[in-house]
1. Any idea which residue in region 365-392 is modelled with the highest pLDDT, counting only those that are exposed (fewer than 14 other Cβ atoms within 10 Å of the Cβ) and farther than 19 Å from Leu466 by Cβ?
2. Given (1) buried (at least 18 other Cβ atoms within 10 Å of the Cβ); (2) over 24 Å from Lys69 (Cβ atoms); (3) at pLDDT below 95, where does Ile194 come up short, assuming only one miss?
3. Mind checking which residues of region 125-166 are under 27 Å from Val53 (Cα atoms), in contact (Cβ under 8 Å) with a residue 24 or more places away in the chain and part of a loop (DSSP other than H, G, I, E, B)?
4. Can you list the helices (runs of 4 or more DSSP H) found entirely within region 368-446 that contain at least 3 residues being in contact (Cβ under 8 Å) with a residue 60 or more places away in the chain?
5. Kindly indicate the residue of region 323-364 that is in contact with a strand residue (DSSP E or B) (Cβ under 9 Å, 6 or more places away or on another chain) and within 27 Å of Tyr13 (Cβ to Cβ) and also most open to solvent (accessible area, probe 1.4 Å) among those meeting that condition.
6. Exactly one condition in (1) open to solvent by 60 Å² or more (accessible area, probe 1.4 Å); (2) over 30 Å from Asp457 (Cβ atoms); (3) of a type in the set (S, T, N, Q) is false for Asn246; which is it?
7. I'm checking my understanding of the structure. Among residues of region 527-560 that are open to solvent by less than 90 Å² (accessible area, probe 1.4 Å) and at pLDDT below 70, which one is nearest to Pro200 (Cα to Cα)?
Amino acid sequence: MDIKTVLKNYYGYDTFRVHQEEIINTVLRRQDCLVLMPTGGGKSLCYQIPAIVLPGTAVIISPLISLMKDQVESLQVNGIEAAALHSGNDSNKDTIIRRKCLDGTLKLLYISPEKLMTEIPFLLKQMKISLFAIDEAHCISHWGHDFRPEYTQLDVLHREFPDVPVMALTATADKITRQDIIKQLQLNNPSIFISSFDRPNLSLTVKRGYASKEKDSYILNFIKARPLESGIIYCLSRKTTEKVANFLLKNGIKSSIYHAGMNQQDRDKAQLEFQRDDVQVVCATIAFGMGIDKSNVRWVVHYNMPKSIESFYQEIGRAGRDGAPADTILFYSLADVIQLSQFAKDSGQKEVNLEKLHRMQEYAESGVCRRRILLNYFGEQRDHDCGNCDICEHPPRRFDGTEYIQMALSAVKRTDESIRTSTVVEILKGISSPTVKKKGYNTLKTFSVGKAISTNDWQDYLLQMLQMGFIEIAYNQGNIVKITDSGYDVLYGRKRAELCVIDHSAKETANSNKKRLHLEIPTITIPGLPDTTGVEDKKLFEALRTLRRQCAEEEGFPPYIIFTDKVLHSLATIKPISLEAFGYIQGIGTHKQQKYGQRFVSLIQKFV
């Protein structure tokens with residue numbers, strides 16, 4: 001079959017996305033390539049279609065068993081022979097997989113880097129390999145955000161299999177990481193494909209200076225406004241994941257936790273519950289997510305600021321992988337900035353990690369379109385605003401904050417620049433804490449000068465002052481506050497400065513009426529159904545979702561592997577009432593049409 005026939009028969013699409021066809025043809029010409037494509041952009045198709053077309057078996061190197069399992073199940077549901085060799089298999093299963101590799105009936109073999117090394121002299125040397133694909137290729141680079149030492153041995157592929165094309169794929173890699181991937185893998189004059197990093201279906205929102213209780217309240221209202229919609233809450237610490245999950249459970253939200261401190265069995269259970277929609281929310285550290293291809297995650301919340309834009313981009317990319325609208329919320333505070341700066345300072349790559357953190361701060365503290373900042377980081381410029389971020393929807397209001405800034409700087413100056421931000425707030429608020437009393441700060445002229453302003457607001461203003469360069473944190477001196485030259489200009493009246501107005505109303509409730517981008521249902525011509533521009537039947541969509549879950553439970557697969565939410569929305573809008581018409585829906589291949597078509601068509605007929 002030619003590649004367009006494969007695309008239609010197995011995946012149910014008529015056209016390729018940007019770069020996909022070019023990448024596939026490069027592999028078919030047996031050339032090396034490096035592919036950068038955003039999460040949900042269709043990377044896996046770039047090696048799966050060549051694997052189906054070429055004789056032999058494609059070997060896919062992947063870092064996690066859960067990721068392999070997800071990919072294999074998706075391929076099997078589409079009628080494609082695929083399997084994974086990993087430590088979770090029993091000997092009988094391994095024997096069957098090896099036999100299929102040797103006789104050429106297996107089209108894709110997923111394997112970890114460690115397992116690959118042990119199998120090169122034995123299984124791999126005996127089988128016909130069509131191509132090597134290295135997924136999550138940023139893991140190979142010391143400069144990447146998720147470095148894994150076991151990936152560094154993969155330069156062996158070209159030495160042992162010089163005629164087999166190698167492709168490296170990742171969703172996030174800056175220029176230095178891309179160069180390192182090519183060097184480490186010894187790629188031979190590779191073609192480099194960089195797709196747009198834009199994910200226009202994701203809304204981008206940042207919430208600054210929220211206390212823990214305010215965050216919890218906002219998140220609870222946010223989730224209640226989105227019943228049945230799956231989401232992930234990323235937290236900086238294990239303790240926070242447990243706290244947030246327990247809070248949600250007490251308020252009737254089915255939630256689970258996932259972090260590196262749990263044993264493997266409990267982690268697998270949490271991931272499976274989330275994949276199969278048994279829980280609505282998972283509260284996780286960054287350890288969660290790489291191994292999941294769940295297409296119907298409708299939102300991602302960052303309870304704390306991530307350490308880099310690469311991490312942030314990959315994590316928000318786990319929402320809306322099916323192309324349907326999804327929401328992302330980032331909370332951040334002065335405490336996050338100080339803690340993450342300390343982590344960066346203590347890391348083995350202080351300068352690099354501090355720079356990455358500063359770029360993350362720029363995104364969080366921006367007063368211009370957030371998507372333009374995000375895209376600019378990856379070298380992609382836009383000359384227009386996105387209209388789907390909080391800055392575009394509600395541009396920040398400013399006021400002359402010179403007096404407030406002078407109050408704060410005066411407190412710092414009168415203590416000889418020897419105090420932390422928490423003590424600055426205590427002095428301004430007139431709080432006689434043990435530190436304040438011990439040092440005699442309650443006798444300062446500045447003591448209680450800002451008592452009319454709340455603690456949270458002072459912390460927010462200090463964060464803004466840090467952002468604008470009026471103060472800096474001396475991380476090597478116990479995180480004390482220092483005044484910069486710009487700060488002295490304001491303190492001594494040589495310059496005036498503005499602060500952003502703090503929006504207190506936003507802290508009371510999540511905006512349940514926020515208008516999401518409209519999901520575009522492709523217009524298609526179906527014999528007997530000339531008009532495909534109908535209105536979605538919400539009750540039919542829920543009925544289709546229930547049927548999808550039934551099918552998934554019968555086969556032991558997660559529901560999104562049967563059909564994505566986007567396919568269900570299309571069915572609820574177009575309402576095909578024949579098996580032939582059902583096969584015209586984007587995302588439904590021949591195999592799924594034959595396997596599930598009659599059950600779904602019968603349900604649609606009842607509504608029509």
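The values are calculated or read from the model by the stated rules, or taken from the named source; none is laboratory data. Keep in mind the model is a prediction, meaning the values are calculated, not measured. Cβ sites come from the backbone with ideal geometry, for glycine too, and all protein chains shown count toward neighbours. Remember, those area values only see protein heavy atoms, side chains included, never the ligands or the DNA or RNA. Shrake-Rupley method; radii C 1.70, N 1.55, O 1.52, S 1.80 Å.
1. This residue is Gly387.
2. In the conditions (1) buried (at least 18 other Cβ atoms within 10 Å of the Cβ); (2) over 24 Å from Lys69 (Cβ atoms); (3) at pLDDT below 95, Ile194 misses (1) alone.
3. Met127, Lys128, Asp135, Glu136, Phe161, Asp163, Val164, Pro165
4. Helices (runs of 4 or more DSSP H) meeting the threshold: 370-377, 402-414.
5. Pro325
6. (2)
7. Step by step, filter region 527-560, then rank; the result is Thr532.
Per-residue answers, yes or no, for (1) assigned to a strand (DSSP E or B); (2) more than 12 Å from the chain's Cα centre (by Cα); (3) not aromatic (Phe, Trp, Tyr):
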| residue | (1), (2), (3) |
| --- | --- |
| Ala260 | no, yes, yes |
| Gln271 | no, yes, yes |
| Asp277 | no, yes, yes |
| Ile286 | no, no, yes |
| Val301 | yes, no, yes |
| Gln314 | no, no, yes |
| Asp322 | no, yes, yes |
